[in-house]
Amino acid sequence: MKHIAYGEQTDPAATMRARAAMRDSGSVPVGVLPSTIEMSWQRCLNYGLDSDQGSEFNLLERNLLADQLEKNHHLLIHAQPVMEVLFDQIVDTQNVVVLANDEGYILHSCGDPEFLTRAEKVALAPGAEWSEHSRGTNAVGTALAIGAPVVVHGDQHFLSANHFLTCSASPIFDPYGRPTGVLDVTGDHRSFNRHTMALVRMSVQMIENQMFAAAFSDVLTLRFHARPEFVGTLCEGMASFGEDGVLLSANRNACFQFGQSLEQLRGSNFASLFGQAITRLLDHLLVRPHDPITLTMNNGVRVQARADFRPANLRRHSRLVTQGDPSVAILDPAPATKCDGGGQRSPVQSKAIAPCPLEWLQTGDPQIDAVVAKVRKVIGRDIPILIQGETGTGKELLANAIHCVGPRTAKPFVAVNCAAIPEGLIESELFGYEEGAFTGARRKGSVGRILQANGGSLFLDEIGDMPLSLQARLLRVLQERVVVPLGSSKSYPVNIAVICATHRRIRELVSTGQFREDLYFRLNGLTLMLPPLRARTDLNALVASLLKELGGAHPPTLDPEVLELFRRHAWPGNLRQLSNLLRTAVVMAEGEGTIRREHLPDDFIEDIAQGFVSMAPAEAAAPSTQTGAGGVPPAPTSGLPAAEAAEVQAGRLQDLALQAIRDAIARHGGNISAAARELGISRNTLYRKLH
């Protein structure tokens, strides 16, 4: 893929002098013609062409043309609709739009009927060959010869028979960077327009991007640009990656943004191009598949990106399995699968069976296994699900997994954090609004998150923080299945599956009048309790999984002392806290291969030293006479399941969590936002816990 080499209009007298000199000397004079035309004329002489030879054409026989059409089937599928759009933009200009293959044979043409009649004299019809070695300097053949867009105007054509034409052509490259054809606009030389080439180039970009997306529809394709408004347009870069993160290919805009040719990019992977493991992106897609993500390229440029990756096909590099000792986790490659509506595995290929998203959550804890078993029974049954659990236990991860294995997997998954949106904005955010509904409203209004989720799943996180006034409106939507945006008198039908989550005890909120009882019963089809990290038995497996994702191909190991510290910690931030801590530790231990005590954050070590510890799940399920944190005997929990035993300790742990919040605020000099970020909770949640 070379730099653009447009032809230029030259003084007809200069072109005549160059042609006369060529006839006299047998070579093309230097410096008279544009360099692109000059070099093409010289090639034509080398081919043995005579500039005054006739324009007779031998069209491909019907069976040979049929073979070419079949061979270029995918090119035609993507090019023909674009050609029609292009022709609509130049209609009545005495032009014809031509598509040729990589050998210069015309496959398809469309244009003004009057000009098509004249064009038949120079055989701009399917089956005609317009390679440079056959028809001399012309836009189709010369664009193929130099691998770049070119304009050939009037008497710049090598053959005199073509002097009445003006042609603008651009080569088309397939998803692997190989020339596969040419798009050309040819017309009467008197109708030359400089803007024609811009339209041709835009059309070629559209064809190439469509071919690229189709070729890599079953893998992860990243669409990105330094300017967010260009993502989703012809200007976006497109790069596709395999499951192992290796770059499969990139379009021309992506190569331009990387500052490297496709040949130079070969052998690259996601980590070398964006400075992070591809598993980080996959985790983002699993939780927020429709949200953009900010990435930093290896040249330091920050880009906004979206990914094409169907939730039903979302797959990880590896899955956790246990062999022999359940405390030892190993990683096993996971091939791709699709999930049916019942959440059962149905292989894409007979030998390729891998876990569905729900199975990714199962790393050996019986409480999580019980949750997954319940979910499987209600998949596709239109039963509302309420997920309860402390902050950071993976409620949104579970919600997205439920969506991915259900019949709505190809439709949107829209997540709304009711605690993170200011009370004055949550109504418009959920229900949408008409233009002018309130001061500061967008000019064209907003569709709202509920309608965005139409056909798919709406995930309402922290539903317990939703204002009472909005609870009534939400109940009406769930009962009547219609949405009325703010400022509108029109209602819109909506079909959604609702999944809610909260860390608060909804029944207590109902009893105190903070949550509507009728809405609670409407949402409470199936309640799922996610255990806190301190009550889970699969800490080893979780740590191994996170280290694999954070550490890439060569994840660090964990020193036994560190693992023991992890077992003793109460983990008030749960999985989110564990993930953030390991991310920091992996960086601190870079190049050493083993995470040791000195690689852990100081505040974590301080928490351990101050007795911010938890009983192991096995201990929590049995009587204990040992002294707990701070010399306080643990509450008797004999015979209780681990999750209930952890609940008995909740009062003491709440006090410890409150102290942890106060310590974080003190460390950040009273900066609430910084303290909330450290703890992995929202500002609203932090304020609520303080008061």
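Just check segment 12-212 against the gyration tensor rule for me: Cα atoms, a ≥ b ≥ c as the square roots of the eigenvalues, rounded for a/c under 1.5, and otherwise prolate or oblate depending on whether a/b exceeds b/c.
Here segment 12-212 falls in the prolate category.
Across segment 220-232, coupling constants 3J(HN,Hα) worked out from phi with the 6.51/-1.76/1.60 Karplus curve, θ = phi - 60°, read 7, 10, 9, 10, 8, 6, 5, 9, x, 5, 8, 5, x Hz, and Gly and Pro carry x. Taking packing as the residue-averaged number of other Cβ atoms within 10 angstrom, the listed peptides 82-95, 59-72, 214-227 run from highest to lowest as 214-227, 82-95, 59-72.
Between residue 558 and 595, the built amide H atoms are under 5 Å apart, and every one of these is 5 or more places off in sequence or on another chain. The packing ranking, built from the mean of other Cβ atoms within 10 Å per residue, places the peptides 252-263, 234-245 in the order 234-245, 252-263, highest first. When each of the peptides 363-370, 587-594 is scored by how many other beta carbons lie within 10 Å of its residues on average, the order from highest to lowest is 363-370, 587-594.
For the listed residue pairs 374/548; 374/411; 71/411; 411/548; 374/395, the alpha carbons are over 26 angstrom apart in 374/548; 71/411; 411/548.
Summing charges over all other residues whose Cβ lies under 11 Å from the Cβ of residue 475, with Lys and Arg as +1 and Asp and Glu as -1, gives +1.
Quick note: the coordinates plus some simple rules give every number you see, no bench work behind them. Just so it is clear, the structure is predicted and the values come from calculations on it, not from any experiment. Cβ coordinates were reconstructed from backbone atoms using ideal geometry, including for glycine residues, and neighbour counts include every protein chain displayed.
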